[in-house]
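What follows is calculated from the coordinates using simple rules that are stated; it is not laboratory data. The structure displayed is predicted, hence computed values, not measured ones. All Cβ positions, glycine included, derive from the backbone under ideal geometry; neighbour counts span all protein chains shown.
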Amino acid sequence: MKAANNNIYEQVYNAQDDDGMMSRLATVVLVLVQRGMLVAGFNVTKELLTLHYTGYAKNRLVWDINFFEHMFAQEPLLAAKDKVKGVFICSNKNLIIPDALYDENEAKNWLKHIFYVEQKDVIEAYTLEEDKARYILSAPMDISELVKINFRKAVVQPMAAYHFCNSTKQSLYLQCCITGEQVCATLHNYSQLLWHRVFDYTCAEDIAFEIRQLCMENNISPSKISLRCNTISATEHGIINELSAYFPGLRAGNGRSITANWDGAIYLTQQLVACV
């Protein structure tokens, strides 16, 4: 990781040392999280070429529009905007509502009743076909408009989309994505959706506590859970290592072992690109 100006931190991973890599860039996936963004570049067959993560310190706003405007203009992987096929947003202000109960206006009211949603925030609904439900998400209007202006051809989805897209059919399957400040977690039991939440954390113990609370609420033994974790960057690799002490069977989102710093982010973007 290298530090840039204004407490901005950058990380870069290249699958190969190749000066011609940018000429083979065909598909770009963008992930937006609190105080950061991950950009992944793929070739025409969707093989990963490179990852760029940029984040900023907590002394700035959670969704600092100046940061995202600057990065959308300066990030080399975002220069060819028509190649950005998918934009994924992580927000802790979300609800999953069964199709049978879904009403657009009522859904927005439910979300506002549970979370503090600012008047100018945008509320969007996404279809979860396999779970026969709608995913309701609130995001800052400035961020939403910035995405629409810059990436008109991109499909915009929740970051959790890959948790519901071609999900593995197995018992008590808990998928997590760990960012610098939050965890996005979803529990399925075969085809049944049991639980979904985006929550804050400060250390691996916080995540372990939240998972054990989930198990207690649902009368589940933690030893029966298959835990699959991805990360937003290389930084969270240390959290993965610490979390594996609580859950020895922990694997990456695609079921593989996590050994190198970038493995969690690589597997995250490979699963996300399959959703666009």
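Across region 210-222, rounded Karplus estimates of 3J(HN,Hα) from the backbone phi angles (6.51 cos²θ - 1.76 cosθ + 1.60, θ = phi - 60°) give 4, 5, 5, 5, 4, 4, 5, 4, 9, 6, 10, 7, x Hz, Gly and Pro being marked x.
In straight-distance terms, cross-link reach from LYS153 covers every one of the lysines whose alpha-carbon lies under 20 Å from its own, apart from those fewer than eight places away in the same chain; here that gives LYS46, LYS81, LYS83, LYS85. For the chain, the Cβ-based charge dipole about the Cα centre amounts to some 340 debye (Lys, Arg positive; Asp, Glu negative; other atoms uncharged).
The charge dipole of region 167-262, taken about its Cα centre with unit charges on the Cβ of Lys, Arg, Asp and Glu (plus for the first two, minus for the last two), comes to roughly 540 debye.
Using a cutoff of 8 angstrom between alpha carbon atoms and counting only pairs six or more residues apart, the relative contact order for the chain works out to 15 percent. Projecting the Cα positions of LEU95, LEU272, PRO222 onto the charge dipole of the chain (unit charges on Cβ atoms of Lys, Arg, Asp and Glu, taken about the Cα centre) puts LEU272 furthest along the positive direction. Between MET21 and HIS113, the FRET efficiency estimated from the beta carbon spacing at R0 = 35 angstrom works out to 0.15.
Residues of region 210-229 with the amide nitrogen closer than 15 Å to a label point 7 Å from the Cα of GLU242, along Cα-to-Cβ, please. So the set is 210-211. Taking the Cβ-Cβ separation of ALA73 and GLU10 as r and a Förster radius of 25 Å, what is the calculated FRET efficiency to the nearest 0.05? Efficiency computed from Cβ-Cβ geometry: 0.95.
Remark: spin-label model distance LYS224-GLU205 equals 2.8 nm, labels positioned 7 Å along the Cα→Cβ axis. In summary, the lysines within cross-link reach of LYS132, defined as a Cα separation below 17 angstrom excluding same-chain residues under 8 places away, comprise LYS169. Working from Cα pairs under 8 Å separated by at least six residues, relative contact order for region 99-204 is 17 percent. Relative contact order of region 167-262, taken over Cα pairs closer than 8 Å and 6 or more residues apart, is 28 percent. Averaging the Cα positions of each part gives two centres, and for region 13-33 and region 133-178 these lie 21 Å apart. Note on SER191 and ASN92: the extension gain reaches 33.3 nm, defined as 0.36 nm multiplied by sequence separation minus the Cα-Cα distance. Straight Cα distances below 15 angstrom link LYS112 to the aspartates and glutamates ASP103, GLU104, ASP121, GLU124, with same-chain residues fewer than 8 positions distant left out.
Think of each Lys and Arg Cβ as +1 and each Asp and Glu Cβ as -1; about the Cα centre, that makes the dipole of region 21-144 roughly 460 debye.
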